[in-house]
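Derivation of every value follows stated rules applied to the coordinates shown; laboratory data play no part. All of these numbers come straight from a predicted model, not from anything done at the bench. Cβ placement follows ideal geometry from the backbone for every residue including glycine, while neighbour counts extend to all protein chains displayed.
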Amino acid sequence: MQKMKLIIAIISVVLVLVYVTTLFVGSLLPLIKGAGLQKEKETYKETRPDDEYDSEKNYAGQEDEENDIEKEEVEQAEEYGKSENVHQDSGNSNTGSSNESQQDQDNENQPVEQKPELSEILNFEELDKLDNTKYSWWINQNTEHVTPGIPEVARKLIDKYDGIFTGDTTQKHIYLTFDEGYENGYTSKILDVLKENDVKSIFFVTGSYIEKNPDLIKRMLQEGHKVGNHTVNHPSLPGVDNSRLEKELAGLEERFFELYGERFEYMRPPMGEYSERVLAAAKQLGYKTVFWSFAYKDYDVNDQKGQEYAYNKIMSNLHNGAVLLLHAVSKDNAEVLDRLIKDIRAQGYEIRPFDL
């Protein structure tokens with residue numbers, strides 16, 4: 001009897017120890033995962049003080065307190081595939097529709113498109129003749145539902161090099177665009193909402209994003225969205241030489257084609273920083289450069305202001321032909337998107353596929 005009691009006591013102690021250990025390890029897992037995501041976010045540090053977002057400077061260097069122009073997170077990562085700071089998959093992405101495997105098989109059966117070596121794509125000699133003065137995209141946002149003004153130099157350059165910042169301003173059309181620097185767990189929900197509301201959009205992606213989020217990229221393509229070039233490493237393009245510029249743009253397209261069998265039609269310059277040389281390079285590659293007529297400070301995941309703020313900010317700046325820039329890392333954007341779409345349509349606007 002004494003032996004039996006001793007055995008039961010030992011078994012009880014062991015079970016208690018196992019239970020306590022399980023609880024301890026379980027409590028550590030969220031911390032470990034959170035630390036990984038924080039490290040990923042830190043690779044997208046801004047190069048300018050935060051207060052400049054609320055007080056943007058125009059080309060004359062004068063501050064305009066009414067503007068809240070988007071300047072998205074700068075990626076500090078190295079070349080994709082070589083970076084030690086690779087982005088972590090959030091684990092929340094959908095795997096796509098049931099015909100995904102069939103599409104993969106179809107892509108394998110397609111003949112591989114031949115494309116020139118990178119050194120043969122851009123005309124460096126012509127680019128060297130062009131002005132490389134760096135400009136930051138600047139718009140005079142307003143709440144009067146009229147097209148924002150832009151500096152004359154910007155208008156001349158985008159007209160010359162097939163740039164876009166609005167659609168047809170005589171039509172009640174709205175275009176949704178999303179920038180994807182890294183995955184913060186909301187893209188799957190955004191895609192769900194777009195699908196439920198039969199809305200097509202465009203997602204501008206970076207090198208690390210296409211490597212780490214294949215299921216999301218495939219789903220974007222399968223559900224009829226466009227995917228655009230946001231460069232490999234998200235640098236300020238006027239600050240890189242021609243060889244690096246070619247690798248940032250053409251290099252990303254080459255890798256995207258290898259992985260997904262698709263080419264890019266559109267390019268969005270990181271942080272909205274551009275020059276005549278950059279726009280000319282994009283045109284040489286066959287891209288239309290896409291800016292925007294509305295953006296707000298939605299990219300700071302530690303400073304989300306809530307659904308009502310996001311809703312009011314966006315709805316008060318609608319106008320004919322608006323190209324809205326939204327960041328998919330934003331919790332507010334993901335949570336308010338369904339309401340936005342429905343209320344934008346209720347005001348008589350048509351949310352168009354990105355076909356500019």
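Of note:
- A protection proxy built from the mean count of other Cβ atoms within 10 Å ranks the segments 236-246, 333-343, most packed first, as 333-343, 236-246.
- Most positive-pole-ward Cα, N317, L245, Q284, against dipole of the range 198-333 from beta carbon charges: N317
- Magnitude of the charge dipole for the range 134-271, about its Cα centre and with charges confined to Cβ atoms of Lys, Arg (+1) and Asp, Glu (-1), is about 180 debye.
- Other-chain or far-sequence residues with amide H under 5 Å of V227's (modelled H): F203
- Close amide H contacts of F294 (hydrogens built in the peptide plane, cut-off under 5 Å, sequence separation of 5 or more or a different chain): V323, L325.
- Distance from the C-alpha centroid of the range 294-351 to that of the range 223-279: 25 Å, rounded to the whole angstrom.
- Over 30 Å (Cα to Cα) - which of K195/K305; K134/K342; K156/K297; K134/K288; K189/K288; K134/K247 fall in this group: K134/K342
- 3J(HN,Hα) from dihedral phi, the range 147-162, Karplus parametrisation 6.51/-1.76/1.60, rounded to Hz, x for glycine, proline: 4, x, x, 10, x, 4, 5, 5, 4, 5, 5, 6, 5, 6, 10, 6
- Per-residue Karplus couplings for the range 280-290, computed as 6.51 cos²θ - 1.76 cosθ + 1.60 with θ equal to phi - 60°, are listed in order as 5, 5, 4, 5, 4, 7, x, 8, 9, 7, 10 Hz, Gly and Pro entered as x.
- Neighbour cut-off at most 12 other Cβ (10 Å), DSSP loop, chymotrypsin sites (Phe, Trp or Tyr not before Pro), the range 288-330: none
- Each peptide among 129-135, 202-208, 312-318 gets the average number of other Cβ atoms lying within 10 Å of its residues, and from highest to lowest they stand as 202-208, 312-318, 129-135.
- Debye log10 I(q)/I(0) at q = 0.14, 0.17, 0.20, 0.25 Å⁻¹ for the range 253-356, Cα point scatterers: -0.71, -0.96, -1.13, -1.30
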